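Every read-out reported here was derived from the displayed coordinates using simple, explicitly stated rules and does not represent laboratory data. Since we're looking at a predicted model, the values are computed, not measured. Cβ: placed from backbone, ideal geometry, glycine included. Neighbour counts: every protein chain shown.
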Amino acid sequence: MDLGLQGRGALVCAASRGLGRACAFALAREGVAVTIVARGREALEATAAEIRAATGVAVTTVVADIATTDGRAAALAACPAPDILVNNAGGPPPGDFRDWSRDDWIKALDANMLTPIELIKATVDGMMARRFGRIVNITSAAVKAPIDVLGLSNGARSGLTGFVAGLARKTVAHNVTINNLLPGFFDTDRIRAVVGGQAKAKGVSYEEALAERVATIPAGRIGDPAEFGAACAWLCSAQAGYISGQNWLLDGGAYPGTF
Ligand code: NAD
C-alpha cells in the first residue's frame, strides 16, 4: 500500500531511540524527509545516519530538550512547517503521589502535556492552510488503564488527551488529523531499564522478570518498536484523513475491555 507520503516533511520529537526513532524510520521509508530531535548528539546522529543509509531521505538533526522553550524553538527553526508532527518525550518517573512536589508535577505536565500542545499550536494553522496535516501524540496505555505508580504520567497524558479530543474535531475539516498512539509494552531502552530494575528488586534474572510481565499480555510477547512505527506511518497516511481524535491502543490485547 502506497501511503501517499512521498515528499512530505515530518518533525519527530524524542527520536534518537525507542518509539520515536521507530516512527521516524517508518515515515522515512515512505519517502518523508524527517527532522529528528533528541537531547544527546551521539545517539541522534547515529540514528540519522542509519535512516539516511536505509531510506535515502533527507534527515535533519536537532540536539535539544523538547520540553524546554529553547528546545522547541530550535526544533521549529529547523522544521518550521511540517506536514507531520510526532509528539514524544521521555515519561515521568514512577513513585508515590505523597512524595511529589509541585515542581515534579510541573515537569511532567511540561514534558507530556504542554510541550505537545505548544508544538501543535505552532504548526496546526499552517497545516490547515495547506490542507494537509497529521499529528500523532505518543501517550501511553496508562491513559486507558492507569498504572498506580505512574500517577504523574496518568495525569499529564490524560490532560493532553482531553485537550486533543476537542481540537481534533476542529482541524479535521481541513484534512488535519490529530490522534494519539497508546503503547502498552514495547522493547525499548526505557522498558529494558524498567524490567532490569524489577529483576534486581525481585532478585531474579532479566529473562525471568520479562517472562513474568509478558505472561500478562495476550499476544504472549513484547511489542516490536517497528510495529509501532508502522502504525504511526499509516495514521499519517493520505488514506487516514477520516480518523481524528482517536486513542489507538497498541498493547498486544492487554487491555481487557470490549471498547
Ligand atoms: P526510550 O527511553 O527508549 O526513548 C526515548 C527517546 O526520547 C530517546 O531518544 C531520548 O533521547 C528522547 N527524549 C526523552 N526525553 C526527551 C526530551 N525532553 N527532549 C528530547 N528528546 C527526549 O523511550 P520509549 O520507550 O521509546 O518511550 C517513548 C515514550 O512512550 C515515553 O514517554 C514513554 O513513557 C512512553 N511509553 C512507552 C512504552 C513502551 O512500551 N516503550 C509504554 C508506555 C509509554
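Among residues that are within 17 Å of the chain's Cα centre (by Cα) and away from the ligand (no atom under 12 Å from the Cβ), LEU76 is not included.
Okay, residues lined up against (1) without any contact (Cβ under 8 Å) to a residue 12 or more places away in the chain; (2) surrounded by 16 or more Cβ atoms within 10 Å (Cβ to Cβ); (3) within 30 Å of ARG130 (Cβ to Cβ); (4) under 16 Å from the mean Cα position of the chain (by Cα):
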residue: VAL176; (1), (2), (3), (4): no, yes, yes, no
residue: LEU182; (1), (2), (3), (4): no, yes, yes, yes
residue: ASP189; (1), (2), (3), (4): no, no, no, yes
residue: ALA201; (1), (2), (3), (4): yes, no, no, no
residue: ALA209; (1), (2), (3), (4): no, yes, no, no
residue: PHE228; (1), (2), (3), (4): no, yes, yes, yes
residue: CYS236; (1), (2), (3), (4): no, yes, yes, yes
residue: TYR255; (1), (2), (3), (4): no, no, no, no
residue: PHE259; (1), (2), (3), (4): yes, no, no, no
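Of the residues in segment 214-225, at least one is within 15 Å of the ligand (Cβ to nearest atom) and touching a residue at least 60 places away in the same chain (Cβ under 8 Å). Assessment of segment 175-196 against the conditions (over 20 Å from PRO94 (Cα atoms), out of contact with any Phe, Trp or Tyr (no Cβ under 6 Å at 6 or more places or on another chain) and within 16 Å of the ligand (Cβ to nearest atom)) yields at least one matching residue.
The combined condition, being within 16 Å of the ligand (Cβ to nearest atom), under 16 Å from the mean Cα position of the chain (by Cα) and in contact (Cβ under 8 Å) with a residue 60 or more places away in the chain, is fulfilled by ILE138. The residue pairs whose first member lies in segment 38-57 and is closer than 22 Å to GLY90 by Cα and within 11 Å of the ligand (Cβ to nearest atom), whose second member is among the aliphatic types (A, V, I, L, M) and part of a helix (DSSP H, G or I), and whose beta carbons are closer than 6 Å, counting only pairs six or more residues apart or on different chains, are ALA38/LEU44.
Restricted to segment 117-140, and to residues there that are of a type in the set (D, E, K, R) and crowded, with 17+ Cβ neighbours inside 10 Å, the residue that is farthest from ASP70 (Cα to Cα) is ARG134. Looking across segment 6-31, the residues that are more than 11 Å from the ligand (Cβ to nearest atom) and either under 26 Å from GLY184 (Cα atoms) or of a type in the set (D, E, K, R) (or both) come down to ARG8, ALA10, LEU11, PHE25, ALA26, LEU27, ALA28, ARG29, GLU30.
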